[in-house]
Every structure is written in C-alpha cells, then in structure tokens.
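A.B. asks: First the structure, which I've put down as structure tokens, then a few questions once you've had a look.
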Amino acid sequence: MTAVVLGVGNENRRDDGVGPAVARAVAARAIPNLLVTISDGDPATLLDAWADMDVAVLVDAIVCDPSRPGTVHRFDSQALAALDAKTTSTHGLGLTQALRLGAVLGRLPRRWVLYAVEVADIGYGRGLSSSTREVLEPVTSAVLAEVAGVQRSTS
C-alpha cells in the first residue's frame, strides 16, 4: 500500500495553514510507509505527489457563504462531480480543479479523500484562529483513521 497525506495551504494566510498544520501533526506520528507532504496547491506538484499512490488524504481550507468556521467536510473519490468547480482558492487553480485535471489526465490516486475545513480568516499573517485550532486534533485523528483503514485492508 502506498499512501500520501497532503496538507494544502499557505501558512502565511492564517487559517489557510490548516492543511500544513494537520500534515505536520500526522508526520510527527512517523507512520511507516506513509508519505506526508505540504503543498501550496500548485496543480503540477499535487499531480506528482499523488499520481502513483493507492490512496491520498488531502486537507485544505475552504471559505463558504454562509460561513461556519470550524465545520469539517469530508469528500471522497465518488464525490468529484459534486465538488463546486467554481470555488476560489488562495492556491491559483485550486484543489478541485487539480482533482478534475488529474481525472482527465489519468493521474489520480486509486482512492482519495478530502477533508475541507471551513475557515474564518485567510488574511495575511501566521497563526490559526481559535475555531480552526479547535478542529486540528479531530481532523488529524480522522486522517490517521483513513490511513489505518487502508493499511488494514491491504495487509
């Protein structure tokens, strides 16, 4: 089994750093056969990171209207069509567009899961808001459970 956890975001845009923060928390667990990486969301980097993986677990920040900061959404490989392609992103094209591009190019992992965290503040600066800090551990635990489930099913 090959797996990657991708924390997507910009740590200099406050809550947009939630993906990298979760990735660091997962990396600290030093799980064998698990690649953990941080991406600014560049589609080419994402495609290279997940291309030959059995599973990719992605964590990214989203801004919704109406806003419910701290709300966590989970999407999986079956939900690509349901993801709003018109979302804006601090990462150029955005993760949704990168997933669609990967599908067209045949460069998606066999399975992917996206944890999208609704955030309150993507202004310039470092540090997460309190509502985003509160979901760090639950999202980290959910990501670890995804990886453990895949590892159990392939062993």
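The values are calculated or read from the model by the stated rules, or taken from the named source; none is laboratory data. Note that the structure is predicted; figures quoted are calculated from it, not measured. Don't worry about glycine lacking a Cβ; one is built from the backbone with ideal geometry, like all the others, and counts go over all protein chains shown. The area values use the complete protein model at the heavy-atom level, side chains included, leaving out ligands, DNA and RNA. Shrake-Rupley method; radii C 1.70, N 1.55, O 1.52, S 1.80 Å.
A.B. asks: What number of residues within the stretch 125-140 satisfy the criterion of being within 16 Å of Leu58 (Cβ to Cβ) and of a type in the set (S, T, N, Q)?
C.D. replies: So the count comes out to 1.
A.B. asks: Kindly establish whether Asp52 is in contact with a His (Cβ under 9 Å, 6 or more places away or on another chain) and touching a residue at least 12 places away in the same chain (Cβ under 8 Å).
C.D. replies: Numbers: in contact with a His (Cβ under 9 Å, 6 or more places away or on another chain): no; touching a residue at least 12 places away in the same chain (Cβ under 8 Å): yes.
No; evaluated as a whole, the condition is false for this residue.
A.B. asks: Out of the residues in the stretch 49-64 that are more than 14 Å from Trp112 (Cα to Cα) and out of contact with any Gly (no Cβ under 9 Å at 6 or more places or on another chain), which is most open to solvent (accessible area, probe 1.4 Å)?
C.D. replies: Val63
A.B. asks: Kindly evaluate Leu46 against the criterion of being farther than 18 Å from Glu118 by Cα, at pLDDT below 95 and in contact with a Pro (Cβ under 6 Å, 6 or more places away or on another chain). Walk me through how you get there before you give the answer.
C.D. replies: Numbers: farther than 18 Å from Glu118 by Cα: yes; at pLDDT below 95: yes; in contact with a Pro (Cβ under 6 Å, 6 or more places away or on another chain): no.
Here the answer is no, as Leu46 does not meet what is asked.
A.B. asks: Right, next: Among the residues of the stretch 51-76, how many are outside any loop (DSSP other than H, G, I, E, B) and farther than 9 Å from Val5 by Cα?
C.D. replies: Within the stretch 51-76, the first condition is being outside any loop (DSSP other than H, G, I, E, B), and the residues that meet it are 55-62, 72-76.
Now restrict to residues that are farther than 9 Å from Val5 by Cα: 60-62, 72-76.
So the answer is 8.
A.B. asks: Give Ser77, Ser89 a once-over and let me know the one that is polar (S, T, N, Q), at pLDDT below 90 and surrounded by fewer than 17 Cβ atoms within 10 Å (Cβ to Cβ). Walk me through how you get there before you give the answer.
C.D. replies: Working: Ser89 fails: surrounded by fewer than 17 Cβ atoms within 10 Å (Cβ to Cβ).
Result of the check over Ser77, Ser89: Ser77.
A.B. asks: Name every residue in the stretch 109-138 that is within 14 Å of the chain's Cα centre (by Cα) and not in a helix (DSSP H, G or I), in order of residue number.
C.D. replies: Result: Pro109, Arg111, Trp112, Val113, Leu114, Tyr115, Ala116, Val117, Glu118, Val119.
A.B. asks: While we're on this one: Yes or no: the stretch 125-133 includes at least one residue that is among the hydroxyl-bearing types (Ser, Thr, Tyr), open to solvent by less than 70 Å² (accessible area, probe 1.4 Å), at pLDDT 90 or above and within 28 Å of Thr2 (Cα to Cα).
C.D. replies: For the stretch 125-133, residues among the hydroxyl-bearing types (Ser, Thr, Tyr), open to solvent by less than 70 Å² (accessible area, probe 1.4 Å), at pLDDT 90 or above and within 28 Å of Thr2 (Cα to Cα): absent.
A.B. asks: Taking only the stretch 22-42 into account, find how many residues are crowded, with 21+ Cβ neighbours inside 10 Å and either modelled with pLDDT under 90 or in contact with a His (Cβ under 6 Å, 6 or more places away or on another chain) (or both).
C.D. replies: Number satisfying all stated conditions: 1.
A.B. asks: Can I ask one more? I need the full set of residues from the stretch 29-43 which are out of contact with any Ser or Thr (no Cβ under 6 Å at 6 or more places or on another chain) and within 19 Å of Val117 (Cβ to Cβ), in order please.
C.D. replies: Val36, Thr37, Ile38, Asp40, Gly41
A.B. asks: Could you tell me whether any residue of the stretch 93-101 is at pLDDT 90 or above and assigned to a loop (DSSP other than H, G, I, E, B)? Let's see the steps before the verdict.
C.D. replies: Filtering the stretch 93-101 down to residues at pLDDT 90 or above leaves none.
No, the stretch 93-101 has no match at all.
A.B. asks: Given the structure, is Tyr115 open to solvent by 40 Å² or more (accessible area, probe 1.4 Å) and either in contact (Cβ under 8 Å) with a residue 24 or more places away in the chain or in contact with a Gly (Cβ under 9 Å, 6 or more places away or on another chain) (or both)?
C.D. replies: No; evaluated as a whole, the condition is false for this residue.
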